[in-house]
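Okay, structure first, notes after.
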Amino acid sequence: MILATDQINARSILMYQRNLDKIAELSSHSAMGVSGPNCDLVNFSEYISKNLKLYELSNDGMKLSTHAQANFCRGELAKALRKGPFQVNVILGGYDAKTPTGGSLYVMDYLGSCVKANFGVQGYASKFCLSIMDRDWEEGMNEEQAVNLVEHCIKELQLRFLINQSNFIVKVIDKEGVRTLKFGADPADNWK
């Protein structure tokens, strides 16, 4: 399972930050990539991760499956719709040793809809990357093939997207846990 996001925090024509990590680790074997306004992104990511940790501590170390985490996240997005909605879109991925495939990926929008998918893209990037993933994604891809697919999407964004997308972060979720694969502080270093 691979999650990748840009690292830009911008509003209108201003760029505030170029090194933001938009992938929040939820447990040792799950993480979620979040897009949206920075205040909602940070608040929602921390709220979900802290509540999942509280659940684990309250239930003698029992961890929720990726499916249960996605449903909790979806429920919180739907509940917030009537109070003060989080304007965030989420891609949640995790590795569960008990499931036959191991990894699972869930795509959610700010309205609380949730779908299990083989791949997902949120925001403007979907206009460039969904066709690439639809064409090149294959069942049973290894890590190197998946990273190459993500790099292809990043290069396409850098080539075609009007806004400068220079910094990206890529995290891998597998049986060993969540680890950062590439941290693009300078695009010349990582994405040649």
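Given the conditions (1) charged (D, E, K, R); (2) over 20 Å from MET141 (Cβ atoms); (3) in contact with a Ser or Thr (Cβ under 7 Å, 6 or more places away or on another chain), and given that LYS50 satisfies all but one, which numbered condition is not satisfied?
In the conditions (1) charged (D, E, K, R); (2) over 20 Å from MET141 (Cβ atoms); (3) in contact with a Ser or Thr (Cβ under 7 Å, 6 or more places away or on another chain), LYS50 misses (3) alone.
Look at SER58 and say whether it is small (Gly, Ala, Ser), farther than 11 Å from LEU92 by Cβ and either surrounded by 14 or more Cβ atoms within 10 Å (Cβ to Cβ) or free of Cβ contacts under 8 Å to residues at least 40 places away in the same chain (or both). Step through it out loud before you land on a result.
Numbers: small (Gly, Ala, Ser): yes; farther than 11 Å from LEU92 by Cβ: yes; either surrounded by 14 or more Cβ atoms within 10 Å (Cβ to Cβ) or free of Cβ contacts under 8 Å to residues at least 40 places away in the same chain (or both): yes.
Yes: the conditions hold for SER58.
Here's the yes/no breakdown for (1) open to solvent by less than 60 Å² (accessible area, probe 1.4 Å); (2) within 16 Å of LEU3 (Cα to Cα); (3) polar (S, T, N, Q); (4) assigned to a helix (DSSP H, G or I):
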| position | (1), (2), (3), (4) |
| --- | --- |
| SER49 | yes, no, yes, yes |
| ALA70 | yes, yes, no, yes |
| LEU77 | yes, no, no, yes |
| VAL90 | yes, yes, no, no |
| GLY94 | yes, yes, no, no |
| TYR110 | no, no, no, no |
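Determine if the range 138-161 includes at least one residue that is of a type outside the set (S, T, N, Q) and on the phi > 0 side of the Ramachandran plot. Reasoning before the result, please.
Start the filter on the range 138-161 by keeping residues that are of a type outside the set (S, T, N, Q), which leaves 138-141, 143-144, 146-147, 149-157, 159-161.
The next check asks that each one be on the phi > 0 side of the Ramachandran plot; those that pass are 140.
Within the range 138-161, one or more residues are of a type outside the set (S, T, N, Q) and on the phi > 0 side of the Ramachandran plot.
Within the range 46-74, which residues are among the small types (Gly, Ala, Ser) and closer than 26 Å to ALA125 by Cβ? Explain how you work it out, then say what you get.
Of the range 46-74, the ones among the small types (Gly, Ala, Ser) are 49, 58, 61, 65, 68, 70.
Within the range 46-74, SER49, ALA70 qualify.
Does SER58 meet the test of being polar (S, T, N, Q), within 27 Å of ASN167 (Cβ to Cβ) and out of contact with any Asp or Glu (no Cβ under 7 Å at 6 or more places or on another chain)? So that I can check it myself, show each step before the final result.
On the way: polar (S, T, N, Q): yes; within 27 Å of ASN167 (Cβ to Cβ): no; out of contact with any Asp or Glu (no Cβ under 7 Å at 6 or more places or on another chain): yes.
Here the answer is no, as SER58 does not meet what is asked.
The values are calculated or read from the model by the stated rules, or taken from the named source; none is laboratory data. The shown structure was predicted, so the numbers you read here are calculated from the model rather than taken from an experiment. As a convention, Cβ positions derive from the backbone with ideal geometry for all residues, glycine included, and neighbour counts pool all protein chains shown. Side chains are part of the model used for accessible areas, which takes the heavy atoms of the whole protein and leaves out ligands, DNA and RNA. Shrake-Rupley method; radii C 1.70, N 1.55, O 1.52, S 1.80 Å.
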